[in-house]
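What follows is a set of notes on a single structure, which appears directly below.
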Amino acid sequence: MQTIQMSDLYGQYLSMKDEIDAAIQEVIRSAKFIKSGKVLEFEEKLSQYLDTNVISCGNGTDALQLAFMALKLKSGDEVITTPFTFISTVEVLVLLGLKPVFVDVCPNKFNIDSSKIKAAITDKTKAVLPVHLFGQCADLETIQSLCKKHGLFLVEDACQALGTDFLFEDGTIQKAGTVGNIGCNSFFPSKNLGAFGDGGAVYTSNNELAKMVRSVANHGRKEMYVYERVGLNSRLDSIQAAILEVKLKYIKKHIKMRQDVAAFYDEYLKEIEGLQIPTRANYSTHTFHQYTVKTKKRNELQMFLKKRGIPSMVYYPHPIHLQEAYQFLGYKKGAFPHCEQLAETVLSLPMHTELTEKQLKYIVDSIKIFFKK
Ligand SMILES: *Cc1c(COP(=O)(O)O)cnc(C)c1O
């Protein structure tokens, strides 16, 4: 049996090798490396897939920064978000002088608990920033109606959820990241649509806002050598765009492959006492950026799997409100009990498009052996 990997980027490349190699060569031959050629083509194709405007940028962290710069929030404005996320979500707020205000997560779905947001709204609140963790949407319909009622922007951190569908009660379906005023995505290699390096994108259905994001990402430019605002330089390069354009053709297939892996895990792990498989929300599909189980014996299970050659990861072992760098926000241990408990109990299992049935069987059998001991 081949070595099991947490994610298998090379294996996936081999399944598209000829097309990807040709696309890279085409960029080199065209010599259109920046803001032209493949970058524009890819933006157009992703825009069709998502049915909204897409502005590509340097990475997911930049996408978040661009979103808040384009919304022109001011120093001291408050943004409600989750402490159970990757650091970027919160880091950019602080860099822009905004104040992150945390709300605890739902212990089963891992996303911000929408029923607790209202109590966190103050006169200074300007936006809500849910994160669609592990590939499943936060409760966007509730959050969107709260935002409308209180005049707040809704910004989605959709970095882990490209291709996920949000299902509204009236039957409307929208892609993750396209429900709010702005959505942010990352093309970090292991994400649902991963580049061979860095990349990111901002989504918005508002054409004015799209123009603003484009300007901010291009040094705040109005026209050649004329700048109407302070911006930054954040762009996707053409080689990455060419790779992403090829991979986008297979996104549905790749998502289905991830969902098949998840279905296999579900089937064989659902009845193990002491282990909880991921809970599905009825308002979202799940694209399984990660397949994350919960158990009180997390560390022991991880060690046991490691000894059997099975990698696993803890996303995330330290809640952001307890990180040294963010102590100035003033939160103490115990502030967000669900988040803190998840940090001690979650474990993400190998999840990618190249896992074989034999490997999957070995993984679930190993987990069963652990819990029978
Ligand atoms: C990956 C990720 C980011 C940042 O993306 P980069 O491309 O690495 O900058 C932001 N938020 C979440 C939730 C992520 O998973």
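Could you count how many residues in region 334-373 are within 23 Å of Tyr10 (Cβ to Cβ) and open to solvent by less than 60 Å² (accessible area, probe 1.4 Å)?
Residues that pass the stated criteria total 11.
Being over 13 Å from the mean Cα position of the chain (by Cα), hydroxyl-bearing (Ser, Thr, Tyr) and open to solvent by 20 Å² or more (accessible area, probe 1.4 Å): is that true of Ser215 here? Give the steps one after another, and end with the answer.
Numbers: over 13 Å from the mean Cα position of the chain (by Cα): yes; hydroxyl-bearing (Ser, Thr, Tyr): yes; open to solvent by 20 Å² or more (accessible area, probe 1.4 Å): no.
Criteria not met by Ser215.
One residue is enough: does region 205-222 have a residue meeting the conditions within 12 Å of the ligand (Cβ to nearest atom) and in contact (Cβ under 8 Å) with a residue 24 or more places away in the chain? So that I can check it myself, show each step before the final result.
Going residue by residue through region 205-222, those that are within 12 Å of the ligand (Cβ to nearest atom) are none.
There is no residue in region 205-222 that is within 12 Å of the ligand (Cβ to nearest atom) and in contact (Cβ under 8 Å) with a residue 24 or more places away in the chain.
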Test: residue in region 124-137 that is open to solvent by 10 Å² or more (accessible area, probe 1.4 Å) and either out of contact with any Asp or Glu (no Cβ under 7 Å at 6 or more places or on another chain) or not assigned by TED's automatic domain parsing to the domain that holds Asn192 (or both): no
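Do you know which of the residues in region 194-248 that are among the aromatic types (Phe, Trp, Tyr) and touching a Lys or Arg at 6+ places or on another chain (Cβ under 9 Å) is nearest to Cys184 (Cα to Cα)?
Going through region 194-248, the residues among the aromatic types (Phe, Trp, Tyr) turn out to be 196, 203, 225, 227.
Filter once more, keeping what is touching a Lys or Arg at 6+ places or on another chain (Cβ under 9 Å): 203, 227.
Numbers: Tyr203: 6, Tyr227: 24 Å.
So the residue we want is Tyr203.
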Members of region 129-153 that are away from the ligand (no atom under 16 Å from the Cβ) and assigned to a strand (DSSP E or B): Phe153
Which numbered condition Leu167 misses (of (1) over 20 Å from Asp104 (Cα atoms); (2) in contact with a Phe, Trp or Tyr (Cβ under 8 Å, 6 or more places away or on another chain); (3) within 16 Å of the ligand (Cβ to nearest atom); (4) of a type outside the set (Gly, Ala, Ser)): (3)
Where Glu271 falls short, out of the listed (1) at pLDDT below 95; (2) touching a Phe, Trp or Tyr at 6+ places or on another chain (Cβ under 6 Å): (2)
Exclusive hit being over 15 Å from Gly199 (Cα atoms), open to solvent by 60 Å² or more (accessible area, probe 1.4 Å) and in contact with a strand residue (DSSP E or B) (Cβ under 7 Å, 6 or more places away or on another chain), set Arg229, Arg235, Arg221: Arg221
Enumeration of residues in region 161-204 that are farther than 18 Å from Ala138 by Cβ, in contact with a Cys (Cβ under 8 Å, 6 or more places away or on another chain) and open to solvent by 10 Å² or more (accessible area, probe 1.4 Å): Phe188
Some residue of region 102-112 being within 18 Å of the chain's Cα centre (by Cα) and on the phi > 0 side of the Ramachandran plot: yes
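Among what's in region 295-313 and is of a type in the set (A, V, I, L, M) and open to solvent by 30 Å² or more (accessible area, probe 1.4 Å), pick the residue that is nearest to Leu355 (Cα to Cα).
So the first thing to find is which residues in region 295-313 are of a type in the set (A, V, I, L, M), and the list is 301, 303, 305, 310, 313.
Next, only the ones that are open to solvent by 30 Å² or more (accessible area, probe 1.4 Å) stay: 303, 313.
Values: Met303: 21, Met313: 16 Å.
Step by step, filter region 295-313, then rank; the result is Met313.
I'd like to verify a number: residues in region 8-55 that are under 26 Å from Lys175 (Cβ atoms), among the small types (Gly, Ala, Ser) and within 25 Å of the chain's Cα centre (by Cα), how many?
The first filter runs over region 8-55 and keeps only residues under 26 Å from Lys175 (Cβ atoms), leaving 8-9, 12-13, 15-16, 19-20, 23, 35, 37-55.
Okay, now just the ones that are also among the small types (Gly, Ala, Ser), so 15, 23, 37, 47.
When the remaining residues are screened for being within 25 Å of the chain's Cα centre (by Cα), the result is 15, 47.
Matching residues across region 8-55 total 2.
The values are calculated or read from the model by the stated rules, or taken from the named source; none is laboratory data. A quick note: this is a predicted structure, and the numbers were derived from the prediction, not measured. Using ideal geometry, Cβ is built from the backbone for each residue, glycine included, and neighbour counts are taken over all protein chains shown. Ligands, DNA and RNA are excluded from the accessible area calculation, which covers all protein heavy atoms including side chains. Shrake-Rupley method; radii C 1.70, N 1.55, O 1.52, S 1.80 Å.
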